[in-house]
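Throughout, read-outs are computed from the coordinates displayed, never taken from laboratory work. Keep in mind it's a predicted model, so treat the numbers as computed, not measured. Virtual Cβ from ideal backbone geometry, glycine too; neighbours counted across all protein chains shown.
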Amino acid sequence: MAFDIEMIKAVYEKYPSRIAAARKAVGKPLTLTEKILYAHLTQGEATQVFKRGADYVDFNPDRVAMQDATAQMALLQFMQAGRDKVAVPSTVHCDHLIQAEVGAAADLNKAKDKNREVYEFLSSVSNKYGIGFWKPGAGIIHQVVLENYAFPGGMMIGTDSHTPNAGGLGMIAIGVGGADACDVMAGLPWELKFPKLIGVKLTGKLSGWTSAKDVILKVAGILTVKGGTGYIVEYFGEGAKSLSATGKGTICNMGAEIGATTSIFGYDEKSEAYLRGTDRSDVADMANAIREHLTGDAEVYDNPEKYFDQVIEINLSELEPHINGPFTPDLAWPLSKFAAAVKENGWPAKLEVGLIGSCTNSSYEDISRAASLAKQAVDKKLVAKSEFTITPGSEQVRYTVERDGFLDVFGKMGGVVLANACGPCIGQWARHGAEKQEKNSIITSFNRNFAKRADGNPNTHAFVASPEIVTAMAIAGDLTFNPMTDTLTNEDGQQVKLEEPKGLELPTKGFAVEDAGYQAPAVDGSKVEVIVDPKSERLQLLEPFKPWEGTDLKGLKLLIKAKGKCTTDHISMAGPWLRFRGHLDNISNNMLIGAVNAFNNETNKVKNQLTGEYGEVPAVQRHYKQQGIGSIVVGDENYGEGSSREHAAMEPRFLGVRAILVKSFARIHETNLKKQGMLALTFANPADYDLIQEDDSIDIIGLTEFAPGKPLTVVLNHADGSKDEIKVNHTYNEGQIEWFKAGSALNLIKAGI
Ligand code: F3S
């Protein structure tokens, strides 16, 4: 992967001068986060200090990673950008669409068949545009990235919320929507609000039953699911240095569960060992040469209160194993208190299934420690009482742990090895009997445990813990079991106790793999044809959106006046619709079906002004489109909060909505609307929301003089012939106005402007 080495070299060459400039601009010692961010400014060397939590800053990430569900629309958009190749190293990983049912081989074959058109598209589009393609079965995006691409001091964006996993190897890695990935692959800067910083000082050392997972389970309990929003979490201290690189990855991975922008650890001996262990001694040598820039300044870590916005301290020597849940990952229980909590809350104590692995916890260390317990169970004649599954994070890990006998031990304990994929973690689990919706408990080493996530059953109580605790619980089959203190009865009726788990951070014989599942792209992709079946229900090539017609917009019909919360889920629902992520026309049939109509308090029921009848939102909008009539959507506060899903902006644009007028926007959605060439407007006077009537025809005036900071006028033509004229604001800058005029940001990129 010479492309990578050259890229990393180029990044590291810039480090000394960029850090020197950042030091001067900031005027005080720097955290690691600041070093990496300032080293990746689009403007080059820093000339000013950025205000944390306030300033929007342009960055140039070094790489892009995409998983198969989100890559589809990202790459369909990229095809519109008119580029021959991606501007930064990028990869696609086929991990989300494989359903776990009976076991690895059969499940993988079934998935290949079922998702053939999606895989063919992703494989061919990757081949054409210089993107590395990891086939189904190769592994889960974040584990594969950690093993192959993450590097200390780098910056990456990924179209998946657990992209921060790469922070374990000292990379700023952030989850984004497909439109952002498309921009960066096209060579454009990527904008981020300069984050605030939480410092987590780790002292002491882990021992016995406690593992890296327990650090983040504890942090989640302290910060809760919202506590990290707008923050980057930086870990440091002697305790941090004692953790393996993959353990650090686990902690950063699950930082997504506290809402953090990302999490990061500094470069240390463990990072170096992992780089060398994964065949990247060249990267380790280069990192060693600029070592001082790949960790925060000593003064920062000596006096963290002065440099971080918030500081948490955890003593690893005193940390207990934790179990978090059910239904939320921040309900943190130290193991010693968990049995009582199970009883007091009436959670089902009988454990049905224990699931280990996933992108969060499937390192060699995790698997070897869990296997040490499985071996004890076999040796001590304990029969696992619960079902038990293992999801390896990559083919490299799977092959190595099979070679070293761990999978065999799990098999003897009754475990089933699933495909190297997300599987049960993302609801791709054909769990038998789940449809009966019975109350039951499962425990996983995954990261999320919201209702219905694993098996679709709202009554499944899912708990999250380390792989070691999950394995011990699966052996006991009982959530009130405490492996640190309790005994179990074996086949011979004897009382036996599980000893502390033991494992290895890295395989003594090194990693091995026969076929890692990687497909390198064509050197010259110009002749490669992208495969999209025109009859496909799941994929559709995009057509460019039409440019602005050059006049004010008049006679727009009110499509819906949405009331209250209107998140990206209300605008473009997930669940069964995920299947259509690559087909804009088909997925548009979910447009705004979750939004509440302010005139009847119902969802998906709006008045068709042309017929006077009520219909479903997408159907009414399709009627307007067919008649060549534009429309407008009105919304309340924080419209479009939630995910960065670009479909929520593309669908209305595709169906002919011309403007979204709201009291306020969630910023990412507002930017997404602008990128798609839509008008994103806010009421100058929020009370004007009340003036909007169900039968309004609406004019937007002033577009011929559309300029930054200059309000536009909206005329509400009511059905009774009366009118209201109101002012509306916008936040378009010069460049974004050009997006609007061109019809979309992509149209402008394609035109080479
Ligand atoms: Fe996949 Fe679950 Fe990770 S969905 S990427 S294994 S969080």
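Summary table
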quantity: Rg over Rh, two decimals, the stretch 677-745 (C-alpha only, Kirkwood Rh); calculated: 1.01
quantity: More than 16 angstrom apart: percent of Cα pairs within the stretch 323-363; calculated: 48 percent
quantity: Convex hull volume per residue in cubic angstrom - Cα atoms of the chain; calculated: 158 Å³
quantity: Centroid-to-centroid separation of the stretch 669-685 and the stretch 113-190 [C-alpha atoms, Å]; calculated: 28 Å
quantity: Exceeding the 27 Å Cα-Cα cut-off - candidates K248/K439; K112/K675; K24/K306; calculated: K248/K439; K112/K675
quantity: Cross-link reach list, lysines versus K605, counting only Cα pairs under 19 Å and skipping chain neighbours closer than eight places; calculated: K557, K561, K563, K565, K625
quantity: Ascending count of other beta-carbon atoms within 10 Å, so fewest first, for C422, C566; calculated: C566, C422
quantity: Packing-based exposure ordering (other Cβ within 10 Å, fewest first) of K241, K213, K502; calculated: K502, K241, K213
quantity: Loop-located GluC sites (Glu not before Pro) in the stretch 276-333, at most 14 other Cβ atoms within 10 Å (DSSP); calculated: E318
quantity: Relative contact order (percent, whole number), the stretch 553-750, Cα cutoff 8 Å, 6+ residue spacing; calculated: 21 percent
quantity: Computed Kirkwood radius, in angstrom, where 1/r is averaged over Cα pairs of the stretch 93-230; calculated: 17.8 Å
quantity: Value of [θ]222 nm, deg cm²/dmol, for the chain, DSSP H segments ≥ 4, -39500 (n - 2.57) each, nearest 500; calculated: -9000 deg cm²/dmol
quantity: Once the Cα gyration tensor of the stretch 2-315 is diagonalised, semi-axes √(5λ) in Å; calculated: 31, 24, 18
quantity: Directionally averaged projected area (convex hull, Cα atoms, the stretch 1-108), nm²; calculated: 10.6 nm²
quantity: Anisotropy class of the stretch 350-399 from Cα gyration tensor, a/c 1.5 cut; calculated: oblate
quantity: Per-residue HN-Hα couplings for the stretch 212-228 [Karplus 6.51, -1.76, 1.60; θ = phi - 60°; Hz; x = Gly/Pro]; calculated: 4, 4, 5, 5, 6, 5, 5, 4, 4, x, 6, 8, 6, 5, 10, x, x
quantity: Charge dipole (debye, nearest 20) of the chain; +1 at Cβ of Lys and Arg, -1 at Cβ of Asp and Glu; calculated: 360 debye
quantity: Among I290, G477, G550 the positive-end extreme of the charge dipole of the chain (Cβ point charges); calculated: G550
quantity: For the stretch 553-750: Kirkwood Rh in Å [reciprocal of mean 1/r, alpha carbons]; calculated: 16.6 Å
quantity: Packing-based order for 14-20, 737-743, using average beta carbon neighbours within 10 Å, highest first; calculated: 737-743, 14-20
quantity: Charge dipole (the stretch 2-315, unit charges on Cβ, about Cα centre) - positive-most of L197, I172, N127; calculated: L197
quantity: Globularity index of the stretch 507-611, i.e. its alpha-carbon radius of gyration over 2.2 N^0.38 Å; calculated: 1.73
quantity: Net dipole in debye of the stretch 1-85 [+1 Lys, Arg Cβ; -1 Asp, Glu Cβ; about Cα centre; nearest 20]; calculated: 420 debye
quantity: Fewest-first ranking of I172, I314, using other Cβ atoms within 10 Å as the exposure measure; calculated: I314, I172
quantity: For the stretch 322-496, alpha-carbon Rg relative to the globular expectation (2.2 N^0.38 Å, N residues); calculated: 0.96
quantity: The stretch 559-619 shape via C-alpha gyration tensor axes, a/c threshold 1.5; calculated: oblate
